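These notes concern the structure reproduced below.
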Amino acid sequence: MTRTPLRTAPPGVRRLVNRLLALLVAFVVWHLFARGPGSSSGFPTPLESMESAVDLAGTSVYWSNIATSVETALLGLGLAVLIGLPLGLLIGADERARRSTQLILDFGRTVPAIALLPLFLLMFGATRSLGLVLIVVSAVWPVIIQTSYAVGEISPQLRRVGQAYHLTRWHRLRHLIAPSMLPFVFVGLRIAATISLLMAISSEFLGGSDGLGYLLLQAMQINDTHRAFVYSFTAALLGLVLNLVFVLLQRRVLWWHPSVRKGGAS
């Protein structure tokens, strides 16, 4: 039985070929749908979308609104981390605190922040503050939950080692607690980062403040499906890039962890 060249190729080459084939199939399906069922609604083909993307890439409005959305998402994520990380540490460090706050955490993470948009819109108006509040309300929960879980799962043996060697609180936090909790915390950060970008664009779309979401709203109002599709695709690419940044950061910080050395952080 002869083996095909693809089977004998290195694993990295096989993964690349498989991904390219998947993209090719996706583009073919996209083109067929645009020429068939989607033609009545003006659904753009891949070529038409690329042409629209090239036109928009030459305008400053496109890039400035992307920068606005990314800046809002990162600011909101920073606030969520500043609030969620200390709370998670405090909750996770005490068993009674974990038990007493379990119901609150479960309730808070299941409430969609978009449902509170009308209230926040009345309070803050169509401003960046609206987006920041929505991001914090949505993204703070995975940070708190993952941090508290990480602290609660620290091995008792590690705590006894710190006591036996009379380590200071700072040294226990840096050399014992942090290495044990960081893999869990990074999971929460990646989830929170995705939520932050989603809520930033959603607040711009529903609230009418500047950003990529507002451009998408304008395109839909004038029935410009070509530009609307480019804006939607741009939002998806931003989400992929943001997740990739956190994956690379996780690999850089947790280079010693088995999940990273085995490629499990992707």
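The values are calculated or read from the model by the stated rules, or taken from the named source; none is laboratory data. Fair warning: this is a prediction, and the values are worked out from it, not measured in the lab. We place every Cβ from the backbone using ideal geometry, glycine too, and count neighbours over all the protein chains shown. These area figures cover heavy atoms from the full protein model, side chains too; ligands, DNA and RNA do not enter into them. Shrake-Rupley method; radii C 1.70, N 1.55, O 1.52, S 1.80 Å.
When both the range 174-243 and the range 33-92 are represented by their alpha-carbon centers, they are found 5 Å apart. Give me P(r) over the range 99-143, computed from all C-alpha to C-alpha distances, binned every 10 Å, as integer percentages. The percentages, shortest bin first, are 27, 47, 22, 4. Summing charges over neighbours of residue 54, with a neighbour being any other residue whose Cβ is under 14 Å away from its Cβ, gives -2 when K and R count +1 and D and E count -1. Largest GNM mean-square fluctuation among 207, 108, 92, using the chain with Cα springs under 10 Å: 108. Comparing 41, 129, 52 in a Gaussian network model of the chain, where Cα atoms under 10 Å apart are tied by springs, the biggest mean-square fluctuation is seen for 41. Over the chain, accessible surface divided per residue gives 61 Å², non-protein components excluded, 1.4 Å probe.
Only protein atoms count toward the accessible area here, which uses a 1.4 Å probe; on the chain, the carbon and sulfur part of that area reaches 68 percent.
Just the number, please: Stokes-Einstein D of the chain in µm²/s, Kirkwood Rh from C-alpha pairs, 37 °C, 0.692 mPa s. Mind showing how you got there, number by number?
On the way: Rh = 21.6 Å.
This corresponds to a translational diffusion coefficient of 152 µm²/s.
Look at the Cα gyration tensor of the range 162-251: its axes a ≥ b ≥ c give a/c of at least 1.5 with a/b over b/c, and that counts as prolate. Our compactness index for the range 13-78, the C-alpha radius of gyration over the empirical 2.2 N^0.38 Å, is 1.56.
Computing Rg and the Kirkwood Rh from the Cα coordinates of the range 1-143 gives a ratio, Rg/Rh, of 1.16.
For the chain, the longest principal axis of the alpha carbon atoms and the long axis of helix 60-92 meet at an angle near 20°.
Cα-Cα pairs above 24 Å in the range 97-207: how many percent?
Tail fraction, whole percent: 42.
All other residues whose Cβ lies under 14 angstrom from that of residue 143 are scored, Lys and Arg at +1 and Asp and Glu at -1, for a net of +2.
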